[in-house]
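Chemist: Below you'll find the structure I mean.
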Amino acid sequence: MSNGLRVGLAGVGTVGGGLLQLLAAHGDSIAARAGRRIDVVAVSTLEHRRNPNVDISGFRRAQDPVSLAQDPDIDVFVELMGGEGGVAKDSVEAALRAGKHVVTANKAMLAHHGASLAALAEKSGVALNFEAAVAGGIPIVKTIRESLQGNDISRVYGILNGTCNYILTRMERDGKSFGDVLKEAQAQGYAEADPTFDIGGFDTAHKLTLLTSLAFGTRTSFESVYIEGIESITPADIEAADELGYRIKLLGVALRTESGIEQRVHPTMVPKHTAIAEVEGVLNCVAVDGDFVGEVVLVGRGAGGPATASAVTSDLIDIARGNILPPFGVAAKHLRPYKKAEMRAHEGGYYIRLSVYDRTGAFAAIASRMAEQGISIESIVQRRATAELPGINRRNQGIPAAVVMITHQTTEAAVRKALAGIERDGHVDAKPQMIRIEKL
């Protein structure tokens with residue numbers, strides 16, 4: 001067996017601690033598979049962010065991540081600190097310039113700087129591996145970059161954030177509000193004290209950016225992703241989706257069209273009979289459409305120390321075996337500029353919920369606004385008027401009734417213009433809700 005692969009680890013939190021535990025538990029079997037041992041020889045970590053369940057007293061402590069990245073006694077720098085820039089980016093760049101392989105779980109850094117870091121890795125002849133940056137333990141990066149290379153991929157989409165999926169699942173099961181379930185998720189450790197990054201869709205958007213580049217051979221373009229979170233989803237939307245034969249999921253969707261690439265993150269109604277609709281709780285799911293292979297669907301744990309550490313270990317084994325590939329599947333110089341797709345009709349149509357004052361002329365005005373934008377309605381359901389809400393003066397307005405509409409294929413711009421006109425007309429007492437219906 002050849003000399004061991006010497007690893008410098010920056011960040012011994014949940015994932016870094018999980019990596020140390022995994023290597024300790026399976027070191028011998030990993031060495032047999034990789035053809036050499038994989039040994040962490042030095043670590044750099046902030047004490048207040050260190051995993052308290054992991055003993056690092058036996059490892060050499062580096063002064064800081066950048067010095068560890070340049071350490072002549074390591075072969076691979078593993079970056080598990082996180083953050084778009086700052087010390088994470090500085091240390092990764094230092095490692096690549098020093099001729100060190102890099103393994104990272106940092107989706108934010110790669111979403112913003114992936115192309116330049118890939119070019120730097122290729123210039124130095126080293127690996128930049130990031131299986132752990134997307135969907136935790138699901139091997140989606142390797143699947144797209146290696147297993148599906150013979151296919152022309154037209155679409156990649158999925159549930160890429162376990163926090164959002166957990167919240168939507170509990171709202172459906174228990175009939176609770178978004179706010180109540182979010183508090184429970186925070187109490188159980190499924191959501192951060194400040195959950196904006198997750199529930200606002202930004203975490204999903206970072207991951208989608210990487211999948212887009214892998215699938216379509218384009219440079220990363222996070223700024224081109226349309227992002228919408230799940231904060232506006234109500235029990236009424238969950239109930240309506242159920243009655244219509246759908247479930248609501250936060251999806252990241254990347255789609256190649258004739259005019260360019262679409263990247264979007266938003267709540268989506270998906271048919272109950274589809275595989276992705278059955279993915280519940282904190283699980284993730286990623287689907288890829290290839291011209292020869294058809295649809296490939298992968299489901300698994302998308303976060304957490306053990307699952308993410310498994311992905312990091314896979315990347316380390318590839319390096320130990322000498323399997324060094326371009327980070328995004330093709331050489332960085334061949335990554336095409338990202339071209340944003342032109343606005344087009346959404347094939348699945350839209351779900352629209354309005355809280356409409358039950359008075360003469362209201363529904364005629366709504367129909368008129370829809371017609372002005374050329375929107376055809378597939379179905380419309382009016383629920384009985386709701387009880388008065390405290391603190392709102394509705395004298396001479398009428399008690400609002402919930403109106404649910406499903407549109408035929410139309411553009412998002414047309415829907416938004418129609419809804420803006422409906423709001424201006426004053427016939428609704430709350431901001432209209434709009435959710436895309438995805439054809440899967």
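The values are calculated or read from the model by the stated rules, or taken from the named source; none is laboratory data. This is a predicted model, so every value here is computed, not measured. We place every Cβ from the backbone using ideal geometry, glycine too, and count neighbours over all the protein chains shown.
Chemist: Among what's in region 65-99 and is in contact with a strand residue (DSSP E or B) (Cβ under 6 Å, 6 or more places away or on another chain) and in a loop (DSSP other than H, G, I, E, B), pick the residue that is farthest from VAL126 (Cα to Cα).
Modeler: MET81
Chemist: Is it the case that ALA303 is buried (at least 20 other Cβ atoms within 10 Å of the Cβ) and either under 22 Å from the mean Cα position of the chain (by Cα) or not in a helix (DSSP H, G or I) (or both)? Give the derivation first.
Modeler: Working: buried (at least 20 other Cβ atoms within 10 Å of the Cβ): yes; either under 22 Å from the mean Cα position of the chain (by Cα) or not in a helix (DSSP H, G or I) (or both): yes.
When the stated conditions are applied, ALA303 passes them.
Chemist: Let me ask another. Do any residues in region 174-189 that are more than 15 Å from ILE230 (Cβ to Cβ) have Cβ atoms under 6 Å from those of residues that are surrounded by 11 or more Cβ atoms within 10 Å (Cβ to Cβ), where the two are at least six apart or on different chains, and which pairs are they?
Modeler: Filtered contacts from region 174-189: GLY175/PRO235.
Chemist: Which of the residues that make up region 138-181 are outside the structural domain of ASN284 (by TED's automatic domain parsing), crowded, with 23+ Cβ neighbours inside 10 Å and part of a loop (DSSP other than H, G, I, E, B)?
Modeler: Across region 138-181, the qualifying residue is only ILE138.
Chemist: Look at region 339-354 and say how many of its residues are surrounded by 19 or more Cβ atoms within 10 Å (Cβ to Cβ) and touching a helix residue (DSSP H, G or I) at 6+ places or on another chain (Cβ under 9 Å).
Modeler: Residues flagged as surrounded by 19 or more Cβ atoms within 10 Å (Cβ to Cβ) and touching a helix residue (DSSP H, G or I) at 6+ places or on another chain (Cβ under 9 Å) within region 339-354 amount to 6.
Chemist: In addition: Find the strands (runs of 3 or more DSSP E) located wholly in region 346-440 whose residues include 3 or more that are out of contact with any His (no Cβ under 9 Å at 6 or more places or on another chain), modelled with pLDDT of 85 or more and within 22 Å of ALA241 (Cα to Cα), and list them.
Modeler: On the way: elements: 350-357, 377-385, 400-407, 433-437.
Those strands (runs of 3 or more DSSP E) span 350-357, 400-407.
Chemist: I'd like to know if region 43-52 contains one or more residues that are among the charged types (D, E, K, R) and buried (at least 16 other Cβ atoms within 10 Å of the Cβ). Step through it out loud before you land on a result.
Modeler: Step one: filter region 43-52 for residues among the charged types (D, E, K, R), giving 47, 49-50.
Now drop any that are not buried (at least 16 other Cβ atoms within 10 Å of the Cβ), which leaves 50.
For region 43-52, residues among the charged types (D, E, K, R) and buried (at least 16 other Cβ atoms within 10 Å of the Cβ): present.
Chemist: Another question, then. Only one of LYS107, LYS123 is of a type in the set (Lys, Arg) and buried (at least 24 other Cβ atoms within 10 Å of the Cβ); which?
Modeler: Selected residue: LYS107, the only one of LYS107, LYS123 that is of a type in the set (Lys, Arg) and buried (at least 24 other Cβ atoms within 10 Å of the Cβ).
Chemist: Anything in region 142-184 that is aliphatic (A, V, I, L, M) and in contact with a strand residue (DSSP E or B) (Cβ under 6 Å, 6 or more places away or on another chain)? List them, or say none. Lay out the reasoning, then the answer.
Modeler: First, the residues of region 142-184 that are aliphatic (A, V, I, L, M): 144, 148, 153, 156, 159-160, 167-168, 171, 181-182.
Result: LEU148, ILE153, VAL156, ILE159, LEU160, LEU168.
Chemist: List every residue pair whose Cβ atoms lie under 7 Å apart, where the two residues are 6 or more positions apart in sequence or sit on different chains, the first residue falls within region 29-54 and is in contact (Cβ under 8 Å) with a residue 24 or more places away in the chain and on the phi > 0 side of the Ramachandran plot, and the second residue, located anywhere, is of a type in the set (A, V, I, L, M, F, W, C) and surrounded by fewer than 18 Cβ atoms within 10 Å (Cβ to Cβ).
Modeler: So the pair list comes out as GLY35/MET1.
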